[in-house]
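Contents: one structure, followed by commentary.
The values are calculated or read from the model by the stated rules, or taken from the named source; none is laboratory data. What you are looking at is a predicted structure, and each value in this text was computed from that prediction instead of being measured. FYI the Cβ positions are ideal-geometry reconstructions off the backbone, even for glycines, and counts take in every protein chain you see.
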Amino acid sequence: MLSSVCCMLTNFITIGYAAPEYGIGNELSTKGDVHNFGILLLEMFTGKRLTDEGFQEGLSLHNFAKAALPERVIDIIDPILLQERVK
């Protein structure tokens, strides 16, 4: 059963949360899970999705965040996260 699930997963194409090595048929791994979690965190902290229209012509969410680190991290944080809490 598990081997058939793995075969189905390696043939499943997704935008965003699948680690790049999954696209070439590699097995599921902890490294891939860490990649997926990192993408999720980037989306949460920036308020941007991998599929945003601004990410074209070689620009990706990863490159967007990497270019801002560490000096300009405040520039890429979702403004909603920076708002003071309303009581």
Restricting to segment 49-87, give me the number of residues that are within 12 Å of the chain's Cα centre (by Cα) and of a type in the set (A, V, I, L, M).
3
Subset of segment 67-83 (residues that are surrounded by 11 or more Cβ atoms within 10 Å (Cβ to Cβ) and assigned to a helix (DSSP H, G or I)):
Ala67, Ala68, Val73, Ile76
In segment 17-43, the residues that are of a type in the set (Gly, Ala, Ser), part of a helix (DSSP H, G or I) and modelled with pLDDT of 70 or more
Gly32, Gly38
Close pairs (8 angstrom Cβ cut-off, 6 or more residues apart or separate chains): closer than 16 Å to Ile77 by Cβ in segment 29-58, among the acidic types (Asp, Glu) and in a helix (DSSP H, G or I) anywhere
Arg49/Glu43
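Just checking, which of Thr14, Thr46 is among the β-branched types (Val, Ile, Thr), under 16 Å from the mean Cα position of the chain (by Cα) and at pLDDT 90 or above?
Only one candidate passes the filter, namely Thr46.
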